[in-house]
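Just below is one structure, and these are the notes that go with it.
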Amino acid sequence: MSDIFDVIVLGTGGFGCSALYHLARRGLKVLGVDRFGAAHDRGSSHGETRIIRKAYFEHPDYVPLLLRAYDLWGELEAESHQQLFWQCGLMLAGLPESEAISGARLSAKQHTLNVENLTATEASHRWPGFRIPDDFDVVFEPEAGFLKVEACVQTHLDLAIAHGARLQLNAPVVSWSASDREVRVQTINGEFVAKSLVITAGAWSASVMADLNLPLQVLRKPLFWHQTSSTEYNLGSGMPTFYFEMPGNNGGEARSFYGFPSIDNTTLKVAEHSGGDTVSDPLFVDRECRKEDSQPIAQFVQSCLPKLNPQASRQAVCLYTVTPDRHFVVDRHPQHPNVVIGCGFSGHGFKFTSVLGEALADLATDGHTKQPIGFLRLSRLQ
């Protein structure tokens with residue numbers, strides 16, 4: 001039956017586009033379905049850039065996945081004949097006992113990764129655009145850098161189509177069902193049938209998989225671009241990506257800020273990784289700039305990036321979909337072995353899209369993967 005697909009991918013953002021590409025690359029008949037257009041700005045995979053790094057402070061178990069992710073990003077660049085990854089390094093700054101510093105050092109030690117340990121003074125001399133507190137330690141990872149996020153999504157989609165994939169864009173899903181033999185996905189454009197289903201619905205994961213009662217929280221996360229007043233912040237001047245873990249005041253929680261070198265020699269992107277307002281419906285998100293959004297960024301810029309204008313010249317909003325432990329979910333549906341789920345990427349997942357797209361494709365076709373994703377199983381949350 002020509003209208004039956006091997007696999008349908010529900011949601012073609014960062015992870016879905018990669019899964020679609022890996023499935024199509026294997027010669028399978030695949031369909032990607034999304035409620036929006038290609039490389040859209042309504043979810044989590046937009047805003048120009050994302051940091052990629054190996055010395056993963058969140059947990060050393062991510063490092064083997066990252067090593068494979070780096071290889072796959074290289075393969076994608078080679079196949080598409082375009083640059084997606086810029087290796088400019090990452091500077092982590094924080095107190096010696098902070099999660100970022102201690103965690104990066106742990107991952108580097110366990111996996112023999114190349115990092116440099118610097119004092120605040122040494123780092124400030126190397127990158128004079130920063131003002132780093134004297135009691136901070138600095139870890140620099142030279143093999144880190146950034147990915148151009150929309151280009152990564154679009155490239156995965158373009159190559160998936162080149163390998164024979166089909167897309168149904170601007171097609172919200174009404175429902176889906178699964179039996180031992182097939183899956184059915186009902187959209188506003190009609191029903192589609194396949195042998196297997198991959199669900200990578202981002203901020204809509206909890207509602208799309210309501211039967212699982214997933215403990216996911218969607219957070220509104222503003223991004224800001226600030227005017228530069230110094231060439232020291234330019235990519236061409238050796239400016240790295242950066243992450244500051246700032247201790248809380250009077251024993252309060254630490255706040256984390258990150259950013260990128262200026263890629264247009266005019267503005268520099270900076271955002272807060274911590275915090276965020278809960279979103280009840282990802283279709284209706286306030287995308288306007290609020291004072292409470294910009295004020296912490298302005299204070300951070302004044303403290304640590306003194307040659308930037310503390311008032312942003314533009315802003316955007318993206319969404320984090322977080323799990324209680326801030327680790328991902330990559331697994332098969334507990335009731336439907338032919339349904340694979342990827343969700344809860346918690347604001348630090350995009351760099352993994354290349355490798356986890358491959359893992360999702362493995363699970364959908366073989367029921368298992370050689371990628372070390374055991375620590376990302378759904379059962380830990382249930």
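The values are calculated or read from the model by the stated rules, or taken from the named source; none is laboratory data. Just so it is clear, the model here is predicted, and its values are computed rather than measured. Reconstructed Cβ throughout: ideal geometry from the backbone, glycine too, with neighbour counts over all protein chains shown.
Key figures for this structure:
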{"read-out": "Selected residue [touching a Ser or Thr at 6+ places or on another chain (Cβ under 7 Å) and of a type in the set (Phe, Trp, Tyr)] from 85, 57", "value": "57"}
{"read-out": "Strands (runs of 3 or more DSSP E) wholly inside the stretch 281-382 that include at least 2 residues being polar (S, T, N, Q)", "value": "314-322"}
{"read-out": "Any chance residue 316 is assigned by TED's automatic domain parsing to the domain that holds residue 223, touching a strand residue (DSSP E or B) at 6+ places or on another chain (Cβ under 6 Å), crowded, with 20+ Cβ neighbours inside 10 Å and of a type in the set (A, V, I, L, M, F, W, C)", "value": "no"}
{"read-out": "Search result, residues across the stretch 1-34 that are in a loop (DSSP other than H, G, I, E, B) and either surrounded by 22 or more Cβ atoms within 10 Å (Cβ to Cβ) or at pLDDT below 95 (or both)", "value": "1, 2, 3, 11, 12, 13, 34"}
{"read-out": "Boolean, residue 161 is surrounded by fewer than 23 Cβ atoms within 10 Å (Cβ to Cβ), within 25 Å of residue 25 (Cα to Cα), in the same structural domain as residue 331 (by TED's automatic domain parsing) and at pLDDT 95 or above", "value": "yes"}
{"read-out": "Only one of 124, 205, 196 that is assigned to a helix (DSSP H, G or I), crowded, with 16+ Cβ neighbours inside 10 Å, of a type outside the set (A, V, I, L, M) and in contact with a strand residue (DSSP E or B) (Cβ under 8 Å, 6 or more places away or on another chain)", "value": "205"}
{"read-out": "Residue match in the stretch 235-254 (condition: part of a strand (DSSP E or B) and either surrounded by fewer than 20 Cβ atoms within 10 Å (Cβ to Cβ) or modelled with pLDDT under 95 (or both))", "value": "no"}
{"read-out": "Some residue of the stretch 112-123 being out of contact with any Asp or Glu (no Cβ under 7 Å at 6 or more places or on another chain) and under 21 Å from residue 355 (Cβ atoms)", "value": "yes"}
{"read-out": "Boolean, residue 32 is farther than 16 Å from residue 362 by Cα and more than 18 Å from the chain's Cα centre (by Cα)", "value": "yes"}
{"read-out": "The listed residue being surrounded by 18 or more Cβ atoms within 10 Å (Cβ to Cβ) and in contact with an Asp or Glu (Cβ under 9 Å, 6 or more places away or on another chain), out of 308, 356, 363", "value": "363"}
{"read-out": "The stretch 35-83: number of residues that are free of Cβ contacts under 8 Å to residues at least 60 places away in the same chain, crowded, with 17+ Cβ neighbours inside 10 Å and in a loop (DSSP other than H, G, I, E, B)", "value": "3"}
{"read-out": "Residue in the stretch 96-115 that is in a strand (DSSP E or B) and crowded, with 17+ Cβ neighbours inside 10 Å present", "value": "no"}
{"read-out": "Test result for residue 140, crowded, with 16+ Cβ neighbours inside 10 Å, farther than 27 Å from residue 73 by Cβ and in contact (Cβ under 8 Å) with a residue 24 or more places away in the chain", "value": "no"}
{"read-out": "Pair list, Cβ under 7 Å, 6 or more apart: the stretch 174-193 residue farther than 12 Å from residue 33 by Cα, other residue assigned to a loop (DSSP other than H, G, I, E, B) and of a type in the set (S, T, N, Q)", "value": "178/338; 183/338"}
{"read-out": "Criterion (under 23 Å from the mean Cα position of the chain (by Cα), within 23 Å of residue 273 (Cα to Cα) and touching a residue at least 12 places away in the same chain (Cβ under 8 Å)) met by exactly one of 324, 310, 306, 372", "value": "324"}
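For every residue, the table says whether it meets (1) small (Gly, Ala, Ser); (2) touching a residue at least 12 places away in the same chain (Cβ under 8 Å); (3) under 17 Å from residue 124 (Cα atoms); (4) in the same structural domain as residue 138 (by TED's automatic domain parsing).
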| residue | (1), (2), (3), (4) |
| --- | --- |
| 234 | no, yes, yes, yes |
| 252 | yes, no, no, yes |
| 266 | no, yes, no, yes |
| 269 | no, yes, no, yes |
| 272 | no, yes, no, yes |
| 278 | no, yes, no, yes |
| 285 | no, yes, no, yes |
